[in-house]
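Structure first, then comments.
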Amino acid sequence: NFFRKVGAGSWTEVTTSGLPGNHFFHGNDIIVHPTVPGTIYVAGSGYSNPGVFRSTNNGASFAAFATGLPSTMIFDLAISADGQHLFAATELGPYYYDAGLATWVDLSGATAPEQVYWDVDFVDSENTARFSTYGRGIWDFVIDNSGLIYRNGFE
């Protein structure tokens, strides 16, 4: 279940929020947008419903935010400090939200392993999304000055 607290108020369950019931969603991660107040992302199981939802009103309601994502488990989300880059570690690979196209994009390409990506962190000082796998190492996806993303892998 999803709960929210605004200001000094008490915690309240959000029951008509647009999120699926807890039996179907199994939420794994909650992150807040660092520069847009009230924007929250929730990620989890995307088998019977979308795997990512977004709220723009402090969690009072949510809408699906999964265009381009496969129907799979979303384990982790990461966002850059300026809020311009959003990433998802999924059971089927690493993903990036392309705001210009309004869709999630698979980053694995032909060289990253077909593997479960368990975790992702954004390293702002290196402009890099660092994904971890179980058994296939760490995979960095670097955003260059032109906005293109390329991969550096460490197995």
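The values are calculated or read from the model by the stated rules, or taken from the named source; none is laboratory data. Please read all numbers here as calculations on a predicted model, not as lab measurements. Virtual Cβ from ideal backbone geometry, glycine too; neighbours counted across all protein chains shown. Side chains included, ligands, DNA and RNA excluded: accessible areas come from the protein's heavy atoms. Shrake-Rupley method; radii C 1.70, N 1.55, O 1.52, S 1.80 Å.
Using a Förster distance of 30 Å, how high is the FRET efficiency between ALA99 and ARG4, based on the Cβ-Cβ distance and rounded to 0.05?
About 0.75, to the nearest 0.05.
Can you tell me, using C-alpha contacts under 8 Å and at least 6 residues apart, the relative contact order of the range 1-141 as a whole percent? Display every interim value, and only then the final one.
Values: 340 pairs, mean separation 21.2, N = 141.
It rounds to 15 percent for the range 1-141.
Under the rule of at least 5 residues apart or a separate chain, name every residue whose amide H is placed under 5 Å from the amide H of ASP119.
SER132
Grab the beta carbon distance between VAL123 and THR15, set R0 = 35 Å, and tell me the FRET efficiency rounded to 0.05. Don't jump to the answer; show the numbers that get you there.
Numbers: r = 37 Å, r/R0 = 1.07.
That gives a FRET efficiency of 0.40.
Answer with one residue from ILE138, THR15, GLY68: the one whose Cα lies farthest towards the positive end of the charge dipole of the chain, charges on Cβ with Lys, Arg +1 and Asp, Glu -1.
Farthest along the dipole direction, towards plus: THR15.
Roughly speaking, what is the stretch gain from SER61 to ALA110, that is 0.36 nm per residue apart minus the C-alpha to C-alpha distance, in nm to one decimal?
Computed gain between SER61 and ALA110 is 13.8 nm.
Whose amide H sits under 5 Å from the amide H of ASN28, counting only residues 5 or more places off or on another chain, with H placed in the peptide plane?
ALA43, GLY44, SER45
Give, as ranges by residue number, the residues of the range 101-121 whose backbone N falls under 20 Å from the point 7 Å along Cα→Cβ of SER146.
From the range 101-121, the list is 101, 105-111.
When a/c reaches 1.5 or more, the comparison of a/b and b/c decides; with that in mind, is the range 17-146 rounded, prolate or oblate per its Cα gyration tensor?
Oblate.
Remind me, relative contact order of the range 41-101 in percent, using alpha carbon pairs under 8 angstrom and six or more residues apart?
Relative contact order, the range 41-101: 25 percent.
Just order 106-118, 85-97 by mean Cβ neighbour count inside 10 Å, highest at the front, would you?
85-97, 106-118
Averaged per residue, what accessible surface does the range 1-124 expose to a 1.4 Å probe, in Å²?
Heavy-atom SASA per residue in the range 1-124 reads 50 Å².
Ignoring ligands, DNA and RNA, what percent of the 1.4 Å accessible area of the chain is carbon and sulfur?
So the carbon and sulfur contribution to the accessible surface is 51 percent.
From the phi angles alone, apply the Karplus equation (6.51, -1.76, 1.60; θ = phi - 60°) to the range 34-47 and give each ³J(HN,Hα) in whole Hz, x where the residue is Gly or Pro.
3J(HN,Hα) across the range 34-47, in whole Hz: x, 10, 10, x, x, 8, 10, 10, 10, 10, x, 5, x, 7.
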